[in-house]
Amino acid sequence: MTPEMLLQSIHRVVEGGTQMTTALLHTAVENLIQNGRKTLAERTTEAAHLTEREIDVLRLLGNGDSNKTIAENLGITMDTTKKHVRNVIDKMQARSRNSCGYYRGPGRHRRQSCH
């Protein structure tokens with residue numbers, strides 16, 4: 001990079017712009033394209049590092065299912081269900097099962113965040 005290019009880059013950044021290499025820009029665009037294919041709810045669960053089973057539990061929580069119904073639907077014990085529910089709440093940093101974001105089937109309203 002020439003001194004003139006460096007000076008132009010500094011001015012651009014000082015004026016609120018950005019300076020990025022072509023390779024970095026390409027990587028950023030590729031990431032946006034990849035992430036754009038996922039719903040916010042999917043990206044949220046990935047960021048929370050939920051297991052597949054915890055995602056199953058989260059979807060059932062979103063339906064308003066009780067622990068008993070979740071246990072029956074997934075074929076697991078009540079103790080295991082309670083553990084998964086607690087893990088989901090903790091990982092999503094929710095105050096309770098009711099404030100945790102939930103999944104719904106295609107075409108239904110979908111809340112994505114925990115409060």
Residue 27 vs. criteria surrounded by 10 or more Cβ atoms within 10 Å (Cβ to Cβ), closer than 23 Å to residue 92 by Cβ and at pLDDT below 80: no
Qualifying residue in the stretch 9-16 (condition: at pLDDT 80 or above, among the acidic types (Asp, Glu), more than 14 Å from the chain's Cα centre (by Cα) and surrounded by 13 or more Cβ atoms within 10 Å (Cβ to Cβ)): no
Those helices (runs of 4 or more DSSP H) lying entirely in the stretch 34-96 with at least 1 residues modelled with pLDDT of 80 or more, surrounded by fewer than 14 Cβ atoms within 10 Å (Cβ to Cβ) and among the hydrophobic types (A, V, I, L, M, F, W, C): 78-91
Close pairs from the stretch 64-79: first under 12 Å from residue 53 (Cβ atoms), partner in a helix (DSSP H, G or I) and among the acidic types (Asp, Glu), Cβ under 7 Å, at least 6 apart: 74/56
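The values are calculated or read from the model by the stated rules, or taken from the named source; none is laboratory data. From a predicted model like this one, the values you see are computed outputs, not experimental measurements. A quick note on method: Cβ atoms are made from the backbone with ideal geometry, for glycine too, and the neighbour counts reach across all protein chains shown.
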